[in-house]
1. Of His115, Phe188, Ala163, whose Cα points farthest to the positive end of the dipole of the stretch 69-206 (charges on the beta-carbon: +1 Lys, Arg; -1 Asp, Glu; origin at the Cα centre)?
2. First check a/c for the chain, with a ≥ b ≥ c the square roots of the eigenvalues of its C-alpha gyration tensor; if it is under 1.5, answer rounded, and if not, answer prolate when a/b is larger than b/c or oblate otherwise.
3. Rolling a 1.4 Å sphere over the protein heavy atoms, what is the accessible area per residue of the chain, to the nearest Å²?
4. Relative contact order for the chain: what is it in percent, counting Cα pairs under 8 Å that are at least 6 residues apart?
5. Give me the extension gain from Thr123 to Lys72: residue separation times 0.36 nm, minus the current Cα-Cα distance, reported in nm with one decimal.
6. Placing one identical point scatterer on every Cα of the stretch 72-126 and ignoring solvent, what is log10 I(q)/I(0) from the Debye formula at q = 0.13, 0.15, 0.27, 0.29 Å⁻¹?
7. Could you compute how much accessible surface Lys92 exposes when probed at 1.4 Å, giving the result in Å² to the nearest 10?
8. Just how much of Trp15 is accessible, in Å², when a 1.4 Å probe is used and the result is rounded to the nearest 10?
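The values are calculated or read from the model by the stated rules, or taken from the named source; none is laboratory data. Values in this document were obtained by computation on a predicted structure and should not be read as measured data. Methodologically, a virtual Cβ is constructed for each residue, glycine included, from the backbone with ideal geometry; neighbour enumeration extends over all protein chains shown. Heads up: the accessible areas ignore ligands, DNA and RNA and are worked out on the full protein's heavy atoms, side chains in. Shrake-Rupley method; radii C 1.70, N 1.55, O 1.52, S 1.80 Å.
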Amino acid sequence: MTVPIEFFFDLSSPWTRLAFANIRPTLAGLDHAITWRPFLVGGVFNAVNPAVYESRKPENAARLARSFGWLKQWAQLAGVGMKFPSEYHPLKSVHAMRFCCALEDDQEALERFAHAAFEAYFTDARNLDDPAVLVAVADEAGFDGTTLGDRASSQPIKDRLRANTEEAIARGAFGSPTIFVGGEHMYFGNDQLPLVRQQVAMLAGG
């Protein structure tokens, strides 16, 4: 059977940048279908995981520096750029995620834009909180950035981002990426991708 996978993501997350790059290679050879689900991880943190903000306080700087070092090693392993943290960290990603929601009904287009946006933020250190930058990134990825930006700022797209975020919270998400396999098996982060593969293999073989 083809195993459905839902990948809830926010472009601001470095660990999501890694998982986005790694999930297809991880699942190579298995019968699966990925649905990309944009959401707002800040909304998740506010609702169920405020400890994230505590971890960013100055007294935790040494631990954060070590974590960022590991992050760059993970990025090297994945073969992706990781200029992080940049001057735009932490990123206010609401505009960027609305651009993603505007493409959600065209999954191939959404994946293409998300790839370009991850590159823009984590490899080129561009400010995805700036709508003009998002328009430029969209143009560079082959979209009409102005038209996409207009759609992203519409009320139905704003409502869709809010609904996606509320759905993720209701289903138990506490960060990005949150990955659901077969609708019910939840996994979190880049380092759980081997578990995702194991679960997909079990369901596909069943």
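1. Phe188
2. Values: a/c = 1.38, a/b = 1.09, b/c = 1.26.
Rounded, because the longest to shortest axis ratio a/c is under 1.5.
3. Working: 9820 Å² over 206 residues.
Result: 48 Å² per residue.
4. Working: 303 pairs, mean separation 74.1, N = 206.
Reported relative contact order: 36 percent.
5. Working: separation 51, 0.36 × 51 = 18.36 nm, distance 1.14 nm.
The span from Thr123 to Lys72 would gain 17.2 nm if fully extended.
6. Debye curve over Cα of the stretch 72-126, log10 I(q)/I(0) at q = 0.13, 0.15, 0.27, 0.29 Å⁻¹: -0.37, -0.48, -1.06, -1.11.
7. 150 Å²
8. In the full protein context, Trp15 sits at about 90 Å².
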